[in-house]
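Written out below as structure tokens is the structure these notes cover.
The values are calculated or read from the model by the stated rules, or taken from the named source; none is laboratory data. What you see is a predicted model; the values in this text were computed from it and never measured. No Cβ is skipped: glycine too gets one built from the backbone with ideal geometry, and neighbour counts run over all protein chains shown.
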Ligand code: DC
């Protein structure tokens, strides 16, 4: 197959470096990067802005018809719009992260974001990062990778990332937040964060971004060659 048309499903828990690695892969391969977590984060932000508690499932469901989310690309960068306004870093605060995790457990929320994600995948030439890309969004993806790293390593990376964005937080806060979100994501009934049966499992402790990207690109090239 034409490697430029490949669909890569990159799943795994928070802080495994999926977004940074996926961005590097997209740039190197000339394909599109889709950050699906940003969509759940945007729903979470909308819930937060409306003063609805993160555990108020009925309240969240009631808000869904009013949320309008668009995803577009500006200079190759994904931009998520909430009612026409770019959400920017507002979706990256620890509070917004917790809201994202809470709303992502609700099947109605997942259903709302399903069509948008499937449309993005349909064109091919994409690497999508999330939790259920290989199991739900693109079950027939040419390549599925479940990428993870140990909890301490993931918390360390996320803390560094937040510091670089000048967000005020501590390592302990990030670690506790990540542990709680891991548990939520893994144990939820709707689309839990588990590897697809045919996913390649990749634990990337000790790999830097370039090395992780290279590892996955090599898998993609092998797949594309097999599908000739
Ligand atoms: O990848 P992230 O940390 O930006 O994701 C934010 C939240 O959204 C996280 O708690 C898991 C959830 N999520 C999901 O349930 N399914 C996806 N495909 C992507 C993210």
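Tell me which of these residue 40 doesn't satisfy, since it passes every other one: (1) within 13 Å of the ligand (Cβ to nearest atom); (2) without any contact (Cβ under 8 Å) to a residue 12 or more places away in the chain.
(2)
Quickly run through region 135-164 and pick out the residues that are in contact with a strand residue (DSSP E or B) (Cβ under 8 Å, 6 or more places away or on another chain), near the ligand (Cβ under 10 Å from one of its atoms) and within 12 Å of residue 195 (Cα to Cα).
135
Determine whether region 36-51 contains at least one residue that is buried (at least 19 other Cβ atoms within 10 Å of the Cβ) and assigned to a strand (DSSP E or B).
Checked region 36-51: no residue is buried (at least 19 other Cβ atoms within 10 Å of the Cβ) and assigned to a strand (DSSP E or B).
Does residue 23 qualify as being without any contact (Cβ under 8 Å) to a residue 24 or more places away in the chain, within 14 Å of the ligand (Cβ to nearest atom), in contact with a strand residue (DSSP E or B) (Cβ under 6 Å, 6 or more places away or on another chain) and under 29 Å from residue 224 (Cβ atoms)?
For residue 23, the condition - without any contact (Cβ under 8 Å) to a residue 24 or more places away in the chain, within 14 Å of the ligand (Cβ to nearest atom), in contact with a strand residue (DSSP E or B) (Cβ under 6 Å, 6 or more places away or on another chain) and under 29 Å from residue 224 (Cβ atoms) - is met.
What are the residues in region 192-216 that are surrounded by 17 or more Cβ atoms within 10 Å (Cβ to Cβ) and in contact (Cβ under 8 Å) with a residue 24 or more places away in the chain, if any?
193, 195, 196, 199, 202, 204, 212, 213, 216
From (1) within 12 Å of the ligand (Cβ to nearest atom); (2) at pLDDT 95 or above; (3) out of contact with any strand residue (DSSP E or B) (no Cβ under 9 Å at 6 or more places or on another chain), pick out the condition that doesn't hold for residue 177.
The single condition residue 177 does not satisfy is (2).
Can you name the residue in region 55-103 that is within 16 Å of the ligand (Cβ to nearest atom), assigned to a loop (DSSP other than H, G, I, E, B) and at pLDDT 95 or above and is also surrounded by the fewest Cβ atoms within 10 Å (Cβ to Cβ) among such residues?
Checking each candidate, the answer is 55.
Please tell me if residue 179 is farther than 19 Å from residue 136 by Cβ, assigned to a helix (DSSP H, G or I), over 16 Å from the mean Cα position of the chain (by Cα) and free of Cβ contacts under 8 Å to residues at least 40 places away in the same chain.
Taking the combined requirement at face value, the residue satisfies it.
Please determine, by comparing only the residues of region 21-35 that are over 12 Å from residue 128 (Cα atoms) and assigned to a helix (DSSP H, G or I), which one is nearest to the chain's Cα centre (by Cα).
Once the filter is applied, the top-ranked residue is 24.
Identify, please: which residue in region 1-20 is in a helix (DSSP H, G or I) and within 10 Å of the ligand (Cβ to nearest atom) and is, among those, surrounded by the fewest Cβ atoms within 10 Å (Cβ to Cβ)?
19
Residue by residue through region 130-155, note down the ones that are in contact with a helix residue (DSSP H, G or I) (Cβ under 7 Å, 6 or more places away or on another chain), assigned to a helix (DSSP H, G or I) and surrounded by fewer than 22 Cβ atoms within 10 Å (Cβ to Cβ).
Listed by number, the list holds a single entry, 151.
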